[in-house]
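Peer 1: This is the structure I have questions about; it appears just below.
Any read-out appearing in this document is the output of simple, stated calculations on the displayed coordinates, not a laboratory observation. Computed from a prediction, not measured in an experiment: that's the story for all the values here. Note that we place each Cβ from the backbone using ideal geometry, even for glycine, and neighbour counts take in every protein chain shown.
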Amino acid sequence: MGIKHENNTVLEKQAQKLKPPSMYQVVLLNDDYTPMEFVVAVIQEHFNKDRETAMQIMLKVHVEGRGVCGVYTKDVALTKVELVLTHAKHAGHPLQCVMEEV
Ligand code: TYC
């Protein structure tokens, strides 16, 4: 197109490389054993939600089987999943958490 600057070629190549990162939603799964209060605390602590929002997400998971807690870049989502699973395991609860590309 009509860009006349002598650096035009370099600028175009840089612009073409700048794709937004793939995003991943972190999803909590329901089970019959993890206490509701523990799930609410996990959502508050790991996904930076207030108590009311955390309660809504927990109840959605309880009723529908799954619920999105947040959407992050791949490395952040993976870290969230690992931290939640470690937290649940140490507390002796079977809570499951997965990530899915949006
Ligand atoms: N279903 C659990 C119960 O009745 C509560 C629960 C909610 C468990 C959300 C997991 O991701 C979950 N105690």
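Peer 1: Once the piece of chain linking Glu52 and Glu64 is laid out straight, how much longer is it, given 0.36 nm per residue of separation minus the C-alpha distance between them?
Peer 2: 2.5 nm
Peer 1: Sticking with this one: Quick check on the chain: what does the Kirkwood estimate of hydrodynamic radius come out to from the alpha carbon pairs, in Å?
Peer 2: 15.5 Å
Peer 1: Apply the Karplus curve 6.51 cos²θ - 1.76 cosθ + 1.60, θ = phi - 60°, to the phi angles in the stretch 67-78 and return the couplings in whole Hz, x for Gly and Pro.
Peer 2: 3J(HN,Hα) across the stretch 67-78, in whole Hz: x, 7, 9, x, 10, 9, 5, 4, 5, 5, 4, 4.
Peer 1: Once every DSSP H run of n ≥ 4 in the chain is given -39500 (n - 2.57) and the sum is divided by its residues, what mean residue ellipticity at 222 nm do you get, rounded to the nearest 500 deg cm²/dmol?
Peer 2: -17000 deg cm²/dmol
Peer 1: To the nearest 10 degrees, how steep is helix 51-64 against the longest Cα principal axis of the chain, on a 0 to 90 scale?
Peer 2: 80 degrees
Peer 1: Rounding to the nearest 10 and keeping the result within 0 to 90°, find how far the Cα-based axis of helix 8-17 lies from the longest principal axis of the chain.
Peer 2: 20 degrees
Peer 1: If you take every residue apart from Gln44 with its C-beta less than 11 Å away from the C-beta of Gln44, what net charge results, scoring Lys and Arg +1 and Asp and Glu -1?
Peer 2: -2
Peer 1: Quick one: which residues, 5 or more positions from Gly67 or on another chain, have an amide H under 5 Å from its amide H? H modelled 1.01 Å from N in the peptide plane, none for Pro or chain starts.
Peer 2: Here Leu28 satisfy the definition.
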